[in-house]
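The next block holds one structure in the form of structure tokens; read it before the comments.
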Amino acid sequence: MGDFYEMFYEDAVTASRALDLTLTSRSKDASGSRIPMCGLPHHAADGYLARLVEKGFRVAICEQVEDPKKAKGVVRREVVRVVSPGTFTQTAYLDDRAPTFLMGVVLQTQPAASREHDRYGMAVLDLSTGEFTTAEYDGDTGRQALRDDIAMLRPREVLLSSEDDLRPLLPDAPEPAITTVEPWTFDVDRARDALTEQLGTTGLDGFGLDNRPAAVAAAGAVLHYLRDTQKAQLQHVRSIAFRHTADAMVIDPSTMKHLEVVVSSEGTRKGSLLAELDHTVTVMGSRLLRAWLLRPLCRLDEVHDRLDAVEELAFRSVERAKLREVFKSVHDLERLVARAAMGTAGPRDLLGLQRSLATIPRLRAVLGPLEPPLLKSVCAQLDEVPDIRDAIEATLVSEPPALARDGGAIRDGVDVQLDELRGISRSGKEQIAAMEAAERARTGVGSLKIRFNRVFGYYIEVSKANLHAVPDDYHRKQTIAGGERFITPALKEFERKVLGADERILEREVRLFDALRDTVGATAERIQETARALARLDVLTGLAETAAVYDYTKPHVHDGDELLITEGRHPVVERQAAHAFVPNDVTLNATTHQVILLTGPNMGGKSTYLRQTALIVLMAQIGSFVPANRAKVPMTDRIFARVGASDNIARGQSTFMVEMQETANILHTATSRSLVLLDEIGRGTATYDGLSIAWAVAEHLATDAGARPKTLFATHYHE
Ligand SMILES: Nc1ncnc2c1ncn2[C@@H]1O[C@H](COP(=O)(O)OP(=O)(O)O)[C@@H](O)[C@H]1O
Ligand SMILES: [Mg+2]
């Protein structure tokens, strides 16, 4: 209402509590009781929205949808948008370096078939960037993998069909908001239609979604929900990727946690592998590096491509420094283009987008002579989108206001009509200024002033002492402490000109700005491609920087079987250790060194040795150099890390049970290409039992005829 959003009845009571707003009341309702009400200023709405969404509320935003001046009777209002945890995209309130995911999950059962034929579909969209991916999972093993993926992706909101009971698949912490939707929103045929329409294609084969009904259904439900709640164009959601489980190394959430890949044991980014490796300059690069670490590659050629690019950039320190310098002028292009597509970008956002695009010729010049194929292809994807860059530059002033309706965002010379109106406004203001001088001369009152306020518009102010000199044609409007305020017909005539023009200037500016924003939104796809290439380049350059600064070496990643590390270090511990880190060697292979049994006293460095081995493998498979003198790393399909519960037997049976179940799970799912770390397994029980269990597990891993994963086994039992 005007410059405020207001809430009434129960909404007002709830919101006033959640936001510490004062609860007041308006008029009375039919029964004569007062109507509770609270309000918040329009310009601060995003901050309040962020707090409500953070608390898990869903907020419907109603706005006037017609001009109050032109409306007959009550001004029409409509719900323009519904904001929920998974659809809140106000960049200022999001973590720059992490995605914000809305997820849909569906179960497709076959009639009269066993649970082994269950199929799960999952789709996940980051509305703030337009990144959209989907996957399928089969049977009981699939169910477990889905649960792991959900825990890893940390969606902020999950859509479930009211028919499926999938809540057990969702993590307890951080607990996502759950939105239950009607089962038909997961209907495959509707979903296919919604997807082809959104993606602007006739079929879904091009996205690898032919014969993926569960994935399609989940993606369709996500789209349906967005259309329902956002009521805005989603031009930045123009592609979807199907994730094959086999394309990436599998690292389950407990292993991720134990290895402290993206979060340290303290729950912070600091102290994690991500924090140590992250020498990216842009937030897009930072988000992408995180995504790479959560999903290391499983294809040898892709790993080699990344490693070759990192090697070149690590070696070329001058070029690397130049690239990193240029990246400083690159904004969060992914989120800016999404804001343009959703119609929420302001003038400064578009200017940030333009300045980011303007860096591209410089980046291409640096990249030009570099040979590695991945750098060549990134360079080819960097499109400066010159039409958009030039349009923004030509339209906006160099320091525009945050909002178009604040006025002054559009340059002179862009639009004839706007220039004319500005001319009128300017000359009116000049005439008023001239009038002040003329009236001073006429009345002989040197202190006479012409001023403006929102209530009277322009007025002439004369102080008490000079009131005797006021001419007859002045009409008194108001008496104030120091004097009186007057208007004259001539002054009002100028005012009509100025104010009329000013109002039309704003209307015109907003219209021109919206048109510019729509043009940018319509090219979202091209800008996104550039943004992704920029992010990739930033990650590769960042990894090269890390390699150079921390003295890492290029691992030899191969299709064979041998894991060989000479003088390996733990990438995080070596940076934090008070004393010099003592490097260690590792040899593991399927024949002579399949299991390493590591014994030694507490605090001997066993756990660190296990983790550093896994981290080196993981780093190699994202395409990073590694902390070692030399490293031969075989392509690894899974890493498992399990730690025994603490020595405290009092922690009880359940911890021990979980530990044994997880160990059993590893014994069942590991392959000969897996790396298994077992750290003090069996600790959670009496010494003798623990030792027996540890022994049995080690023996099984070493001698079982089936899979013989490379295994590192640490125990302080050394009988
Ligand atoms: N190679 C090493 N060089 C220097 N310090 C190390 C090394 N390995 C471990 N440490 C330090 O020694 C301490 C004990 O290491 P940890 O791996 O937990 O031992 P354990 O598992 O044998 O009890 C840790 O504080 C760690 O930072
Ligand atoms: Mg230990």
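Any read-out appearing in this document is the output of simple, stated calculations on the displayed coordinates, not a laboratory observation. None of these values were measured; they are calculated from a predicted model. Cβ: placed from backbone, ideal geometry, glycine included. Neighbour counts: every protein chain shown.
Quick notes on this one:
- Potential extension, D165-T519 segment - 0.36 nm per residue separation minus Cα distance: 123.1 nm
- Computed E for T479/D387 - FRET, C-beta separation, R0 45 angstrom, nearest 0.05: 0.15
- Relative contact order, percent, the chain [alpha-carbon distance under 8 Å, six or more residues apart]: 11 percent
- Gyration tensor verdict on segment 4-83 (Cα atoms; rounded if a/c is under 1.5, prolate if a/b is larger than b/c, oblate otherwise): oblate
- Peptides 247-256, 265-274 ordered by average Cβ neighbours within 10 Å, highest first: 247-256, 265-274
- Rounded, prolate or oblate (a/c below 1.5 giving rounded, otherwise prolate when a/b exceeds b/c) for segment 551-715 by Cα gyration tensor: oblate
- For the pair K328 and A232 in one chain, pulling the backbone fully straight at 0.36 nm per residue adds 31.4 nm over the alpha carbon distance.
- Two-decimal log10 I(q)/I(0) for the chain, as the Debye equation yields it once each C-alpha is a single scatterer, q = 0.06, 0.09, 0.11 Å⁻¹: -0.49, -0.93, -1.25
- Within a straight-line Cα-Cα reach of under 27 Å, K231 can be paired with the following lysines, leaving aside sequence neighbours fewer than 8 residues apart in one chain: K55, K69, K70, K72.
- Across segment 580-592, computed HN-Hα scalar couplings (Karplus, 6.51 cos²θ - 1.76 cosθ + 1.60, θ = phi - 60°) run 4, 7, 8, x, 9, 9, 9, 10, 9, 7, 7, 9, 8 Hz from first to last residue, x flagging Gly and Pro.
- Ordering 631-641, 140-150, 569-579, 25-35 by mean Cβ neighbour count within 10 Å, with the highest value first, yields 631-641, 140-150, 569-579, 25-35.
- Candidate lysines - alpha carbon under 30 Å from K322, same-chain residues fewer than 8 apart omitted: K270, K376, K554
- Within the straight-line cut-off of under 20 Å between alpha carbons, the lysines reachable from K710 are K606, K632, sequence neighbours fewer than 8 places apart in one chain being disregarded.
- Farthest positive-ward along the chain dipole, Cα basis, beta-carbon charges - from A531, G444, V676: G444
- Computed from point charges on the beta carbon alone (+1 for Lys and Arg, -1 for Asp and Glu), the dipole magnitude for the chain about its Cα centre is near 2360 Debye.
- One chain, two ends: E175 and R77. Fully extended at 0.36 nm per residue, the span grows by 31.8 nm beyond their Cα-Cα distance.
- Calculated on C-alpha atoms, the gyration radius of segment 152-263 divided by its Kirkwood radius gives an Rg/Rh of 1.00.
- Cα centroid separation, segment 528-597 to segment 47-88 (Å): 50 Å
- Nonlocal amide H pairs with L159, under 5 Å, H built at 1.01 Å: M103, G104, V105, T179
- Packing rank of 382-388, 331-337, where each peptide gets the mean count of other beta carbons within 10 Å, highest leading: 331-337, 382-388
- Residues whose amide H falls under 5 Å from that of D383, counting only those 5 or more places apart or on a different chain, are T530, with hydrogens built in the peptide plane.
- Calculated FRET efficiency, K69 to N211, Cβ-Cβ distance, R0 = 60 Å: about 0.60 to the nearest 0.05.
- Segment 416-517: relative contact order in percent, alpha carbon pairs under 8 Å with at least 6 residues between: 31 percent
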